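Worksheet for the structure shown next.
The values are calculated or read from the model by the stated rules, or taken from the named source; none is laboratory data. Quick caveat, the model's predicted, so the values are computed rather than measured. Don't worry about glycine lacking a Cβ; one is built from the backbone with ideal geometry, like all the others, and counts go over all protein chains shown. These area figures cover heavy atoms from the full protein model, side chains too; ligands, DNA and RNA do not enter into them. Shrake-Rupley method; radii C 1.70, N 1.55, O 1.52, S 1.80 Å.
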Amino acid sequence: MQPEISQFLSGMKKAIEQVVIANLTDRFAQEQAGMIAGTLGFLQTVQDKAFHYELLENHLYKQLLSDAVAIVTRDATASKVTAEGVAAIRAHQEVDPAGSAVHLKPFRFLRGSNETMRELLATLIHAQDQFPAAVSTRFEALLRPFFKDLQIRERAWVKALGFDNLTDPVPDLDALLYRDGQLHLPGLGG
Amino acid sequence: MALDTRSQRLRANPTSDWIREVRERFPVESTLDEVMTRKLDNRRKGLEHLSDFTDLAERLTSYLRQHTGQADLSLTNLKRLSGGASKEQFTFDLTWKDASAQRVTRKLILRMDPSESVVETHRLREAQVLKAMVGQVPVPEVLWVDPDPHTLGHPFLIAVFLPGAVQPEGATKASGVGQMFPEKYRKALSGQFVDHMAAIHTLDWSKAPLSSFQKPKPGTNEGTRWALALWDRVWEEDTFEAHPVMAYAAGWLRRHMPVTGKPVVVHGDYRGGNFMFTPDLQINAILDWELAHLGDHHEDVSWATMTLTGARDDDGTLLSSGMIPRPQFLARYQERSGLKIDPQTLYYFDVFNAYKFAVITMATSLRAAYGKRTHLDAMMNLLTGLGYVCVATLQELLAQGPPK
């Protein structure tokens with residue numbers, strides 16, 4: 001359908017920058033209009049990648065939670081909080097199972113499932129103090145590389161907003177998401 | 001099918017049971033508890049913040065006449081200020097009889113809370129700490145404060161307006177975070193910047209009128225415990241979604257709280273953008289005291305010198321608050337304040353501050369914008385970009401571990 005979203009956004013951005021800001025006299029209003037232009041520029045960068053970004057997150061959180069459950073359930077003396085956390089993860093795995101056709105679901109379902117998985121992981125992290133030492137070490141080893149990948153992914157998403165002053169380079173969102181012209185889901189190829 | 005979690009629903013529509021539970025789980029100073037609980041009550045009412053100030057001049061005039069007993073005072077030139085990330089600010093000229101009974105006209109500044117702010121703070125605390133700092137460091141003179149939201153629709157503070165700049169000419173950074181100061185500014189301002197922090201931390205606050213502040217005992221971690229509970233509570237109340245790095249960091253911070261030998265007044269947001277300077281490059285005011293509390297001096301030192309509030313020069317060297325390399329800052333600070341910097345404690349507060357900054361920029365800013373609760377909704381959404389950089393910094397710090 002026409003016009004494409006990117007064209008709508010670029011038209012609005014140009015109008016704000018070249019017409020609206022140029023004719024505003026109030027400094028507060030100019031500042032706000034500048035932020036609207038900046039937001040439109042950011043939306044141009046991410047608008048066609050949001051679904052695939054969430055699909056990648058969905059895939060990675062499912063993998064991590066599955067691995068985390070395998071680690072913490074080796075401990076027969078799991079605390080009540082841990083046991084409840086594991087039960088909640090398993091219940092969610094029924095709602096949005098690994099390998100399901102989640103790419104056919106509406107975006108809202110995908111976002112909601114990812115938000116739920118983030119909260120389930122946070123619950124396990126909060127319970128980490130109660131893990132036996134060996135379980136805690138294995139859990140920690142699982143989290144470290146996940147955290148590293150997560151921060152790179154998130155920085156790539158917001159790169160266009162221009163706040164990043166860290167020294168290590170951040171890939172563009174395209175480079176992060178796609179390999180050989182299609183979405184790359186680690187462990188699945190493609 | 002709605003997949004919103006229970007926590008998400010409660011944050012969006014807080015029940016009184018949930019508010020009580022959050023207050024119990026995260027015990028904070030009583031004045032802060034007051035403003036945070038009011039925020040949740042307001043959120044429950046679901047009202048948008050309106051930036052309609054058609055009757056502000058009349059209401060302000062009425063307040064001032066009542067509080068001065070001067071029916072003939074006059075208020076003119078009420079104007080909204082740009083800049084700032086938390087409060088709505090206005091300037092106006094007031095003609096009245098001042099404390100010396102002289103009829104004077106002075107330009108004043110009104111700082112007023114929006115319905116929800118990027119930081120939820122108490123105007124009485126801000127006024128008290130500003131008064132405590134008179135003679136210690138340059139600060140704006142506070143004339144009136146009203147923490148009650150009924151007079152003007154929101155709590156407010158009125159102070160004398162000081163002329164000057166908060167950022168160098170051509171500055172581009174929102175609220176001054178990460179702004180680089182050109183060399184002539186750095187040469188003139190960086191030493192003053194360090195010295196004023198040293199002066200803040202050497203104030204004997206036991207004699208200061210800080211009744212709205214809770215006083216931590218020396219040789220304990222009370223100040224840090226209260227400060228951490230504050231940011232844990234803000235995250236719990238405001239975030240839209242859980243974040244595993246934030247969950248991990250919260251646990252680490254609780255397990256590693258350092259003992260503070262001698263608590264000091266912590267400014268809470270001491271950095272470039274939060275001081276004002278004159279054309280001859282003299283700092284004439286330290287601003288934005290709303291996050292001030294009593295705690296550990298490393299908290300301010302870390303905040304002013306951390307990567308997130310710094311800027312890199314052409315060689316890639318990180319300059320603290322865009323002005324001075326961290327080692328130079330630390331050396332001068334220790335010399336001027338007589339307070340030691342412990343590398344392990346500084347590391348703790350680097351983690352603490354990255355966590356705090358992430359809470360502000362990723363949770364509260366988005367929450368306030370979502371509810372259309374501020375005058376800066378567009379900016380609040382953009383701040384998420386900084387929020388994810390804060391989380392990345394947090395992750396890197398935790399992965400590195402403390403200095404050996």
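Between residue B:141 and residue B:204, take the C-beta separation as r, use R0 = 22 Å, and let me know the FRET efficiency to the nearest 0.05. Kindly include the intermediate steps, with their values, before the conclusion.
Values: r = 21 Å, r/R0 = 0.96.
Between residue B:141 and residue B:204 the formula returns 0.55.
Counting only protein heavy atoms and using a 1.4 Å probe, what share of the accessible area of the protein assembly as shown belongs to carbon plus sulfur, as a whole percent?
Details: 13770 of 25720 Å².
Using a 1.4 Å probe with all protein chains present, the protein assembly as shown comes out at 54 percent carbon and sulfur.
Treating the angle as unsigned and between 0 and 90°, give the value, to the nearest 10°, between the Cα long axis of helix A:50-72 and the longest Cα principal axis of chain A.
So the helix axis and the longest Cα principal axis differ by about 20 degrees.
How big, in percent, is the set of alpha carbon pairs in segment B:311-403 lying more than 22 Å apart? Each step should come with its number before you reach the end.
Working: 1922 of 4278 pairs.
Cα-Cα pairs in segment B:311-403 separated by more than 22 Å: 45 percent.
Once the convex hull of the C-alpha atoms of the protein assembly as shown is built, how many Å³ does it hold per residue, rounded to a whole number? Display every interim value, and only then the final one.
On the way: hull volume 105.5 nm³, N = 594.
Residue-normalised Cα hull volume stands at 178 Å³.
Please report, in debye to the nearest 20, how large the charge dipole of segment A:1-138 is about its Cα centre when each Lys and Arg carries +1 at its beta carbon and each Asp and Glu carries -1 there.
Numbers: 13 positive and 15 negative charges, 27 e Å.
That gives segment A:1-138 a dipole magnitude of about 120 debye.
For segment B:188-266, what is the charge dipole size about the Cα centre, in debye to the nearest 20, if Lys and Arg each add +1 at the Cβ and Asp and Glu each add -1 at the Cβ? Working shown, then result.
Working: 8 positive and 8 negative charges, 92 e Å.
For this selection, approximately 440 debye.
Among A:120, A:137, A:152, whose Cα sits farthest toward the positive end of the charge dipole of segment A:115-157 (+1 at Cβ of Lys/Arg, -1 at Cβ of Asp/Glu, about the Cα centre)?
A:152
Considering the alpha-carbon set of chain A alone, what are its Rg and its Dmax in angstrom?
Computed over the Cα atoms of chain A, radius of gyration and Dmax are 21.1, 69 Å.
How large is the Kirkwood hydrodynamic radius of chain B, in angstrom, based on all distinct alpha carbon pairs?
Numbers: mean 1/r = 0.0455 Å⁻¹.
Taking the inverse mean of 1/r over all distinct Cα pairs, chain B comes out at 22.0 Å.
When the helix-only estimate is applied to chain B (DSSP H runs of n ≥ 4, each -39,500 (n - 2.57), divided by the residue count), what is the mean residue ellipticity at 222 nm, nearest 500 deg cm²/dmol?
Details: 14 runs with 170 residues, N = 404.
Using -39500 (n - 2.57) per qualifying helix, the result is -13000 deg cm²/dmol.
Rolling a 1.4 angstrom probe over the protein heavy atoms, how many square angstrom per residue are accessible across the protein assembly as shown? Before the final figure, lay out the partial values.
Numbers: 25720 Å² over 594 residues.
It amounts to 43 Å² per residue over the protein assembly as shown.
Note down the magnitude of the dipole of the protein assembly as shown about its Cα centre, charges +1 on Lys and Arg C-beta and -1 on Asp and Glu C-beta and zero elsewhere, to the nearest 20 debye. Don't jump to the answer; show the numbers that get you there.
Values: 66 positive and 71 negative charges, 121 e Å.
Computed about the Cα centre, the dipole is about 580 debye.
Rounded if a/c is under 1.5, else prolate if a/b beats b/c, else oblate: with a ≥ b ≥ c from the C-alpha gyration tensor eigenvalues square-rooted, which is segment A:5-46?
On the way: a/c = 4.40, a/b = 1.86, b/c = 2.37.
It comes out oblate by the Cα gyration axes.
How many Å³ per residue does the convex hull of the Cα positions in segment A:91-181 occupy? Write down the numbers at each step before the final one.
Values: hull volume 15.5 nm³, N = 91.
In segment A:91-181, the Cα hull volume divided by residue count equals 170 Å³.
What nm distance separates the two modelled labels at residue B:107 and residue A:136, each placed 7 Å from Cα along Cα→Cβ?
Simple spin-label model gives 5.8 nm for this pair.
Using a 10 angstrom cutoff on alpha carbons, build the Gaussian network for chain B and name the most mobile of B:198, B:292, B:101.
Fluctuation is largest for B:101.
Could you work out which residue, out of A:49, A:148, A:13, moves most in a Gaussian network model of chain A, that is, has the largest mean-square fluctuation with Cα springs under 10 Å?
In this elastic network of chain A, the residue with the biggest mean-square fluctuation among A:49, A:148, A:13 is A:148.
Select from B:16, B:100, B:211 the residue whose mean-square fluctuation is largest in a Gaussian network model of chain B (Cα-Cα springs shorter than 10 Å).
Greatest mean-square fluctuation among the candidates belongs to B:100.
Provide a whole-number value for the mean count of partner chain Cβ atoms within 10 Å of the Cβ atoms in peptide B:232-242. Write down the numbers at each step before the final one.
On the way: counts 0, 0, 0, 0, 0, 0, 0, 2, 1, 9, 11.
So the per-residue partner count for this stretch is 2.
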